[in-house]
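Visitor: My structure is below; once you've seen it, I'll send some questions.
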Amino acid sequence: MKKLALPVLVALAAAGFVASVWLVFMVTPLQYAILDNGRLDASSLFFNQKIFYFHVAHAFMLFCAVFVSGLASIAYLKTRRPSWDDLASASAEVAVVFGAVVLVTGSVWAKAAWDVWWDWEPRLTMSLLLWVILVGYVIVRRFAGPSGDRIAAGMMIFGMVGVPFIYTMVGQDRHPPSGGEGVVATLGTSYKITFWMCVATFLCWFSALTIARVQSTRAERELRELREKGLDLGVLT
Amino acid sequence: MSLLRQAARVAWKDLRVELRSREILATMAFFGALLVIVYSFAFPRDIKAIRGSVPGMLWVAIAFTGTIAIGRAFDRERENDTMRALLLAPVPRLAVFLGKAIAMTVLVLAVAVVCTPLLALFLGAPLFDYPGELALIIVLGAIGFAVVGSVFSATLLKVRARDVLLPVILYPILIPLFVAGTKTTTALVAEFPDLEAAWYWIRFLGIYDAGFLVLSLWIFESLVIE
């Protein structure tokens with residue numbers, strides 16, 4: 001069962017990716033709206049709205065990862081079980097990649113929709129700040145030596161608690177609104193199916209990468225421990 | 001002895017060491033003054049530009065000097081290997097942490113007390129139009145900075161790359177603090193000061209400090225193990 005999880009998730013992600021690309025480009029209609037007076041609604045995005053499906057799905061994973069990593073860090077500090085630490089660091093490392101995708105796609109979309117590469121608008125800012133925390137986490141783990149796991153766990157917990165503050169801080173601006181009246185909630189049915197398909201796909205992909213990373217860190221740790229044991233016993237030199 | 005009195009003892013110990021050598025205070029105050037001088041050449045000096053840039057200058061100066069001051073203060077414990085003694089002392093770790101945080105707050109404030117009037121003097125920034133609000137936001141900023149800074153300086157004590165890692169850890173976490181600080185200051189030095197906005201950010205920072213203080217109290221013990 002445990003061994004099966006990774007290939008199954010990868011297969012699901014691969015199939016889901018093909019399906020999502022097909023849904024995004026072949027099925028979902030272009031996004032535009034005609035007002036009652038026959039004019040085009042100013043918020044129409046046409047083709048450049050297509051990036052939304054990947055962009056927002058990745059952003060969901062970024063948020064998800066911060067909380068997975070934060071909660072795993074709390075569990076690690078409480079229980080000191082290395083497996084929690086593996087999970088925290090793996091999901092943070094994978095989230096750095098997903099965050100980079102969010103920032104790049106967001107930037108490309110901003111250029112297409114608002115004609116600027118970067119805009120200090122709330123959710124772009126928030127993604128950037130979360131990403132900075134994750135990058136800091138990875139740097140700390142890499143360079144803080146033996147106690148790096150504890151320090152990084154502390155940093156992730158502080159970062160997670162800071163999320164509501166960052167959210168309040170950046171406020172609301174010209175980004176499409178979120179929540180009850182947000183883009184996701186008011187999407188037409190065909191948009192919605194495509195969107196959730198993308199989210200499911202990238203959730204599988206994210207989980208697959210995280211599991212693979214957890215397995216490789218665990219293998220590294222076990223190898224190190226075995227080597228130390230071997231050195232202690234005098235079998236290895 | 002109650003927790004607060006124990007914390008006060010620890011804080012007083014740190015401050016007394018500092019008062020006898022004056023190493024951090026002297027160097028940081030001078031560093032802060034130098035920063036202000038560099039600012040005066042690096043940025044345009046007409047009053048309109050100053051109103052826009054002085055909040056950033058103030059908080060960048062607090063961040064830079066504060067980071068170095070906290071790092072140095074904890075270095076002292078490492079050099080003499082006294083952190084272990086402090087942690088072995090028959091007081092709860094909470095008292096040690098609170099004492100450290102109080103001492104660090106005082107250090108950061110002391111540097112801010114030097115930088116702020118210098119900014120007003122050299123750049124002609126109208127920083128003292130609302131001294132009460134400004135003092136309040138600086139005190140809140142110093143508390144938040146010192147609390148989070150103390151947690152991570154204490155954990156970084158044995159790490160070789162601690163000097164570079166301290167800002168790498170602190171700044172991402174403290175971005176809301178700096179934003180609240182600069183927004184308040186901006187609202188206060190603007191041509192038409194916006195007290196409502198200033199108080200919004202002061203409250204924001206107050207809640208932020210409270211949240212992070214509770215978190216630090218909870219996490220300090222599991223992070224700092226010798």
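Visitor: Output the number of the condition that A:VAL116 fails; it satisfies all remaining conditions of (1) surrounded by 17 or more Cβ atoms within 10 Å (Cβ to Cβ); (2) over 20 Å from the mean Cα position of the chain (by Cα).
Guide: Result: A:VAL116 passes all but (1).
Visitor: Can you report the number of residues in the range A:134-150 which are open to solvent by 10 Å² or more (accessible area, probe 1.4 Å) and within 19 Å of A:VAL101 (Cβ to Cβ)?
Guide: From the range A:134-150, those open to solvent by 10 Å² or more (accessible area, probe 1.4 Å) are A:135, A:138-139, A:141-143, A:145-147, A:149-150; that's our starting set.
Subset that is within 19 Å of A:VAL101 (Cβ to Cβ): A:135, A:138.
Selection size over the range A:134-150: 2.
Visitor: Here's a follow-up. Give B:ILE175, B:ILE169 a once-over and let me know the one that is in a helix (DSSP H, G or I), in contact (Cβ under 8 Å) with a residue 12 or more places away in the chain and either open to solvent by 10 Å² or more (accessible area, probe 1.4 Å) or within 7 Å of chain A (Cβ to nearest Cβ) (or both). Outline the logic, then answer.
Guide: Values: B:ILE175 fails: in contact (Cβ under 8 Å) with a residue 12 or more places away in the chain.
One residue alone meets the criteria, B:ILE169.
Visitor: Kindly list the number of the only condition in (1) open to solvent by 10 Å² or more (accessible area, probe 1.4 Å); (2) of a type in the set (Ser, Thr, Tyr); (3) within 14 Å of chain B (Cβ to nearest Cβ) that fails for A:SER73.
Guide: Only one criterion in (1) open to solvent by 10 Å² or more (accessible area, probe 1.4 Å); (2) of a type in the set (Ser, Thr, Tyr); (3) within 14 Å of chain B (Cβ to nearest Cβ) is unmet by A:SER73, namely (1).
Visitor: Might you let me know whether the range B:141-152 holds any residue that is touching a Gly at 6+ places or on another chain (Cβ under 6 Å) and modelled with pLDDT of 90 or more? Walk me through how you get there before you give the answer.
Guide: Our first condition is that a residue be touching a Gly at 6+ places or on another chain (Cβ under 6 Å); within the range B:141-152, this holds for B:141, B:145.
Filter once more, so that each one left must be modelled with pLDDT of 90 or more: B:141, B:145.
So far as the range B:141-152 goes, yes, one or more of its residues are touching a Gly at 6+ places or on another chain (Cβ under 6 Å) and modelled with pLDDT of 90 or more.
Visitor: Quick check on the range A:136-162: of everything there that is touching a Lys or Arg at 6+ places or on another chain (Cβ under 8 Å) and more than 7 Å from chain B (Cβ to nearest Cβ), which residue is farthest from A:SER89 (Cα to Cα)? Lay out the reasoning, then the answer.
Guide: So the first thing to find is which residues in the range A:136-162 are touching a Lys or Arg at 6+ places or on another chain (Cβ under 8 Å), and the list is A:145, A:147-149, A:152.
From what's left, more than 7 Å from chain B (Cβ to nearest Cβ): A:148-149, A:152.
Details: A:GLY148: 11, A:ASP149: 8, A:ALA152: 9 Å.
Applying the filter and picking the extreme gives A:GLY148.
Visitor: When both residues are 6+ apart or on different chains and their Cβ atoms are under 8 Å apart, which pairs have a first residue that lies in the range A:142-170 and is of a type in the set (Lys, Arg), and a second that is open to solvent by less than 30 Å² (accessible area, probe 1.4 Å)?
Guide: Taking only residues 6 or more apart or on different chains, the pairs are A:ARG142/A:GLY148; A:ARG150/A:LEU77; A:ARG150/B:THR155; A:ARG150/B:SER222; A:ARG150/B:LEU223.
Visitor: Here is a further query. Among the candidates A:GLY106, A:GLY154, A:GLY148, which residue alone is small (Gly, Ala, Ser), more than 17 Å from the chain's Cα centre (by Cα), more than 17 Å from A:PHE67 (Cα to Cα) and part of a helix (DSSP H, G or I)? Talk me through it step by step, then tell me what you get.
Guide: Working: A:GLY106 fails: more than 17 Å from the chain's Cα centre (by Cα); A:GLY154 fails: more than 17 Å from A:PHE67 (Cα to Cα).
A:GLY148 is the lone residue from the list that is small (Gly, Ala, Ser), more than 17 Å from the chain's Cα centre (by Cα), more than 17 Å from A:PHE67 (Cα to Cα) and part of a helix (DSSP H, G or I).
Visitor: Being at pLDDT below 90 and of a type in the set (Val, Ile, Thr) narrows it down to one residue among A:ILE139, A:ILE166, A:ILE133; which is it?
Guide: Details: A:ILE139 fails: at pLDDT below 90; A:ILE133 fails: at pLDDT below 90.
Of A:ILE139, A:ILE166, A:ILE133, the one residue that is at pLDDT below 90 and of a type in the set (Val, Ile, Thr) is A:ILE166.
Visitor: Let me ask you something else. Write out, first by first residue and then by second, each pair whose Cβ atoms fall under 8 Å of each other, whose residues are 6+ apart or on separate chains, and whose first residue, in the range B:198-219, is within 9 Å of another protein chain (Cβ to nearest Cβ) while the second is part of a helix (DSSP H, G or I) and surrounded by fewer than 20 Cβ atoms within 10 Å (Cβ to Cβ).
Guide: Short answer, once both residue conditions are applied: B:PHE204/A:THR168; B:GLY211/A:VAL161; B:PHE212/A:VAL161; B:LEU215/A:VAL161.
Visitor: How many of the residues making up the range B:131-161 are open to solvent by 40 Å² or more (accessible area, probe 1.4 Å), within 11 Å of another protein chain (Cβ to nearest Cβ) and part of a helix (DSSP H, G or I)?
Guide: Within the range B:131-161, the first condition is being open to solvent by 40 Å² or more (accessible area, probe 1.4 Å), and the residues that meet it are B:131-132, B:135-136, B:139, B:143, B:158, B:160.
Still in the list and also within 11 Å of another protein chain (Cβ to nearest Cβ): B:158, B:160.
Narrowing further to those that are part of a helix (DSSP H, G or I): none.
Final tally of qualifying residues: 0.
Visitor: (1) of a type in the set (Lys, Arg); (2) in contact (Cβ under 8 Å) with a residue 60 or more places away in the chain; (3) out of contact with any Phe, Trp or Tyr (no Cβ under 9 Å at 6 or more places or on another chain): which one isn't true of B:ARG162, the others all being true?
Guide: Evaluating B:ARG162 over (1) of a type in the set (Lys, Arg); (2) in contact (Cβ under 8 Å) with a residue 60 or more places away in the chain; (3) out of contact with any Phe, Trp or Tyr (no Cβ under 9 Å at 6 or more places or on another chain) leaves (3) as the failure.
Visitor: Right, next: Identify, from the list B:LEU127, B:LEU157, the residue that is more than 30 Å from A:ASP149 (Cα to Cα) and at pLDDT below 90. Talk me through it step by step, then tell me what you get.
Guide: Details: B:LEU157 fails: more than 30 Å from A:ASP149 (Cα to Cα).
From the options B:LEU127, B:LEU157, the qualifying one is B:LEU127.
Visitor: Does B:LYS183 qualify as being facing chain A (nearest Cβ under 9 Å) and surrounded by fewer than 21 Cβ atoms within 10 Å (Cβ to Cβ)?
Guide: On the way: facing chain A (nearest Cβ under 9 Å): yes; surrounded by fewer than 21 Cβ atoms within 10 Å (Cβ to Cβ): no.
Answer is no for this residue.
The values are calculated or read from the model by the stated rules, or taken from the named source; none is laboratory data. Everything numeric here is computed off the predicted structure, so don't read it as measured data. With ideal geometry, Cβ positions are generated from the backbone for all residues, glycine too; neighbour counts draw on all protein chains shown. Side chains included, ligands, DNA and RNA excluded: accessible areas come from the protein's heavy atoms. Shrake-Rupley method; radii C 1.70, N 1.55, O 1.52, S 1.80 Å.
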